[in-house]
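In what follows, a single structure is set out as structure tokens and then discussed.
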Amino acid sequence: MSSVAPLGPLATPGRILRTERLMLLPPGPENLADLIRLKADERVFGWMLHGTRTPERTREELEDDMEFWQVRGYGTWCVFERASGAFLGICGFMERPDGRGVALRFALWPECRGKGFAREAARAALAFGHRAGLRRIIAVARETNRASRAVLADIGMRECGEFLHQGHRMLVFESVA
């Protein structure tokens, strides 16, 4: 895990989230190497919509994420541990390509599991989203992904639907302001 890079152009004070142990920063070009490693890792992005990413696709997604922040005023953050500065993963919002709405997502290194980092980041992101005017925020987790389902329930999201995706039963959760 690498450490916090210099702040990018999107990391304005209102967009930086700080929790007891974490700092969430909007992504910038300085985060590309960390994002390439994270998104290529099957243990992390094997659970995500569309699976692992190539370096080129990660570069495109970073550009999309930066533009999303510019247009919407919210998006995906890079998650860092405050004490060490270590890059832990990502957490934030995306517009679901299936039209279900704005979704909360998180993907942290497997070494972070069991430490409450995903829960802490997701709780901060969800609160930010509602403060930013998002009335309804959804999240999607595979039925077999018990850890993600537990995080979503613990931050107050409730199960509201399901669908099949590539043979997997997907559960939809929501938080309504």
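Rundown of residues vs (1) under 17 Å from residue 75 (Cβ atoms); (2) in contact with an Asp or Glu (Cβ under 9 Å, 6 or more places away or on another chain); (3) in contact (Cβ under 8 Å) with a residue 12 or more places away in the chain; (4) in a strand (DSSP E or B), yes/no style:
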| residue | (1), (2), (3), (4) |
| --- | --- |
| 121 | yes, no, yes, no |
| 128 | yes, no, yes, no |
| 141 | no, no, yes, yes |
| 144 | no, no, yes, no |
| 147 | no, no, yes, no |
| 171 | no, yes, yes, yes |
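If you scan region 130-141, which residues turn out to be farther than 18 Å from residue 99 by Cα and of a type outside the set (A, V, I, L, M)? Break it down stepwise before answering.
We begin by selecting, within region 130-141, every residue farther than 18 Å from residue 99 by Cα; these are 130-133.
Those that are farther than 18 Å from residue 99 by Cα and of a type outside the set (A, V, I, L, M): 130, 131, 133.
Which one of these is crowded, with 18+ Cβ neighbours inside 10 Å and of a type outside the set (Ser, Thr, Tyr): 120, 111?
On the way: 111 fails: crowded, with 18+ Cβ neighbours inside 10 Å.
Going through 120, 111 in turn, the sole match is 120.
Being over 17 Å from the mean Cα position of the chain (by Cα) and either farther than 17 Å from residue 100 by Cα or in a loop (DSSP other than H, G, I, E, B) (or both) is the filter here, so list the residues in region 153-167 that pass it. Talk me through it step by step, then tell me what you get.
Here is the first cut: in region 153-167, the residues over 17 Å from the mean Cα position of the chain (by Cα) are 158-167.
Across region 153-167, the qualifying residues are 166, 167.
Would you call residue 128 surrounded by 14 or more Cβ atoms within 10 Å (Cβ to Cβ) and of a type outside the set (Val, Ile, Thr)?
So residue 128 fits the description; yes.
Can you tell me which residues in region 48-75 are surrounded by 18 or more Cβ atoms within 10 Å (Cβ to Cβ) and of a type in the set (A, V, I, L, M, F, W, C)?
62, 66, 68, 69
Taking the residues in region 154-168 that are surrounded by 13 or more Cβ atoms within 10 Å (Cβ to Cβ) and among the aliphatic types (A, V, I, L, M) as candidates, determine which candidate is farthest from residue 124 (Cα to Cα).
In this case the residue turns out to be 157.
Every number in this text was worked out from the coordinates using simple rules, so none of it is lab data. For clarity, every value in this text was computed on a predicted model and none was experimentally measured. When we count neighbours, we look across all protein chains shown, and the Cβ atoms used for this are built from the backbone with ideal geometry, even at glycine.
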